[in-house]
Amino acid sequence: MILFKSRLLLICEANMMISYCTKALRFLAFTLPFLFIASFSSQALAHAHLKSSSPEPNAVLSDSPKSLTLSYSEKIELGFSKIAISAADKHSVAVQPLMLNPEDGSQLVLPITEALIPGIYHVDWHVLSVDGHKTKGQFSFTIKQP
């Protein structure tokens, strides 16, 4: 009888171990593909971050720029993006319609129609990347006295 109980106990322990291992393997089989996909799709889920601009943030210029060019890390949806330039006194600068560079879908160009007088100018922008993520930001540049 003792031998029977010992064998039964060993069988139960073995079954519990198999059950535990089976559950662990199922968990890994379910989780690993998602982790794998997530690690490779992070680029696709990235937001459009400002990579560079002309004029650059905090630039001090001696002449008024003819346009403002902003380059992003992702391609941009022009119809849902905006760039505004204003003087320190909150006066909006006259501009032409915002354009997407036809050779580079991640670059926006904003032609400036008026000569900017010396002072500080603020640039506010918001864009929608082609993957559907919104990003916004701001920076300033200065036109120095002659």
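A few comments on the model shown:
- Count of the stretch 130-146 residues which are of a type outside the set (D, E, K, R), part of a strand (DSSP E or B) and under 16 Å from residue 75 (Cβ atoms): 1
- Looking only at residues of the stretch 125-146 that are surrounded by 14 or more Cβ atoms within 10 Å (Cβ to Cβ), of a type outside the set (Ser, Thr, Tyr) and at pLDDT 95 or above, we find that the one that is nearest to residue 63 (Cα to Cα) is 143.
- Among residues of the stretch 95-115, those that are more than 27 Å from the chain's Cα centre (by Cα) and at pLDDT 95 or above, counted: 1
- Near pairs, Cβ below 7 angstrom, 6+ apart or cross-chain, from the stretch 103-129 (in a loop (DSSP other than H, G, I, E, B)) to any residue that is of a type in the set (Asp, Glu): 106/74
- Of all residues making up the stretch 62-94, the number that are aliphatic (A, V, I, L, M), part of a strand (DSSP E or B) and under 27 Å from the mean Cα position of the chain (by Cα): 6
- Among the candidates 66, 90, 82, 75, residue that is loosely packed, with under 12 Cβ neighbours inside 10 Å and in contact (Cβ under 8 Å) with a residue 24 or more places away in the chain: 66
- Scanning the stretch 34-63 for residues being surrounded by 11 or more Cβ atoms within 10 Å (Cβ to Cβ) and at pLDDT below 95 gives a total of 4.
The values are calculated or read from the model by the stated rules, or taken from the named source; none is laboratory data. Keep in mind the model is a prediction, meaning the values are calculated, not measured. Neighbour counts run over all protein chains shown; Cβ positions are idealised from the backbone, glycine included.
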